[in-house]
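First up is the structure itself, then whatever we jot down about it.
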Amino acid sequence: MSIIKSIHVLCALLSISGFIYRGILKLTRPEKLTQKWLKITPHIIDTVLLASAIYLVLASHYYPTLFNWVTVKIIALVLYIILGLFTLRFCKSQAGVLISFILALTTFSYIVFVARTKLIWFL
């Protein structure tokens with residue numbers, strides 16, 4: 001299971017790095033976001049990330065109905081995805097992009113915090 005966990009962590013790092021890169025591009029040079037590799041690569045990374053997460057949940061028996069921290073991670077993940085969509089697709093103003101970008105990064109940080117500590121803190 002440790003190799004799957006390593007793959008999961010690596011994909012999480014690649015995913016957030018790619019999101020940060022695309023968020024910065026959206027704020028500074030949005031025309032660059034049309035590059036094909038910037039549209040395909042995140043889907044591949046996020047698919048492996050999700051598959052490894054599902055495997056880890058099943059293998060460890062940390063089911064969302066039994067462990068509240070897993071449930072909170074899933075809810076935070078959905079929020080992160082929504083904020084990412086606002087950042088990269090729906091927000092048209094620089095201010096909207098920046099606000100949703102910062103909120104998405106904060107949510108991702110919270111997901112990592114919960115994953116590492118198993119503590120549920122709401123701000």
Self-check item: Residue among 73, 32, 36 that alone is surrounded by 16 or more Cβ atoms within 10 Å (Cβ to Cβ) and among the charged types (D, E, K, R)
Solution: 73
Quiz item: Can you name the residue in the stretch 61-70 that is surrounded by 13 or more Cβ atoms within 10 Å (Cβ to Cβ) and outside any helix (DSSP H, G or I) and, of all such residues, is modelled with the lowest pLDDT?
Solution: 67
Practice problem: With respect to residue 53, determine if the residue is in contact with a helix residue (DSSP H, G or I) (Cβ under 7 Å, 6 or more places away or on another chain), part of a helix (DSSP H, G or I) and either within 24 Å of residue 100 (Cα to Cα) or of a type outside the set (Gly, Ala, Ser) (or both). | Solution: no
Practice problem: Could you list, in sequence order, all residues of the stretch 42-61 that are of a type in the set (S, T, N, Q) and farther than 14 Å from residue 9 by Cβ? | Solution: 47, 60
Self-check item: Near pairs, Cβ below 8 angstrom, 6+ apart or cross-chain, from the stretch 47-60 (surrounded by 14 or more Cβ atoms within 10 Å (Cβ to Cβ)) to any residue that is not in a helix (DSSP H, G or I)
Solution: 56/1; 56/62; 57/63; 57/64
Quiz item: Could we say that residue 98 is without any contact (Cβ under 8 Å) to a residue 40 or more places away in the chain and in a helix (DSSP H, G or I) here?
Solution: no
Quiz item: With respect to residue 80, is the statement that it is assigned to a helix (DSSP H, G or I), among the aromatic types (Phe, Trp, Tyr) and more than 17 Å from residue 6 (Cα to Cα) true?
Solution: yes
Exercise. Take residue 116 and decide whether it is at pLDDT below 95 and charged (D, E, K, R).
Key: yes
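The values are calculated or read from the model by the stated rules, or taken from the named source; none is laboratory data. Here the structure is a predicted model, which is why all the values come from computation and not from measurement. All Cβ positions, even for glycine, are placed from backbone atoms using ideal geometry, and neighbour counts span all protein chains on display.
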